[in-house]
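Any read-out appearing in this document is the output of simple, stated calculations on the displayed coordinates, not a laboratory observation. Predicted, not measured: the structure shown is a model, and the values here were computed from it. Note that each Cβ is placed from the backbone with ideal geometry, even for glycine, and that neighbours are counted across all protein chains shown.
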Amino acid sequence: MTKYILDENNAKQLNIDVKRVSIGGDSAGGNLAAAISNRFIMNPSDGNVPRVQLLIYPVVQFFDFLVPSYLTPALHIFHFGRRGQVLELYLNKSITDDVLDNNHTSIKQKQQYRKYIDWSLIPQKYRQIYREPKHDDKQGNPILIENAKAVLTSDLSPLLVENEVLAKLPRTYVLTVDHDRLRDEGFIYAGRVKANGVKLVHDHFENTFHGSLTFLEGPFELQIAHEMLDDIVNYLKTNL
């Protein structure tokens, strides 16, 4: 759909300015947006690219489930079935719960992909009670390794790409929240993107949780959701 909209002829029929198109999403939608941005970079013949990518508490990697935000029980506010169930929905394959012990990767894969998950980009206050990344010398579960191998591709883990790809990304907005398993990978993604010269805005909201942007009305309305939305709108007004 994004490629269709960015086509000059299609955009003209739809009265769209191809130089002012943003791509974005929250959570899994942020994963899709980041993956699509990578595709445009890795396939430059596709023509126009989005001007901005907007990533709201995005999923950007399925390599390391031992970052501090995954290991902090207080951040697991919402629970949906078994721990491996989310990946089963992505892959349509059996994913056992030991995936969260990084048993879905071999030692060779750990050595190959570790460089993309730079723990030093996670704020020190989140890292101080944890050791360095664990179990990189531990061979994973062979069946799980086979079933989960697709999660290490850039289409599912858009953080697992070389700096040369990140350096060509469009202007990027990243929103992270404190009470969220995805918090730390958001920091790592934002840090790597910024280090590679991309114009980046990273807004972090400490006193809220994953999904809170949707609490804009009704009995559970949150003021912080409006603050988050205001920041997003102001960013788009400035950068589109």
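Pairs from the table (K199/K237; K108/K149; K19/K168; K93/K168; K3/K149) lying more than 22 angstrom apart at Cα are K93/K168; K3/K149. Descending by average beta-carbon neighbour count within 10 Å, the peptides 149-160, 11-22, 179-190, 113-124 line up as 179-190, 149-160, 113-124, 11-22, the highest first.
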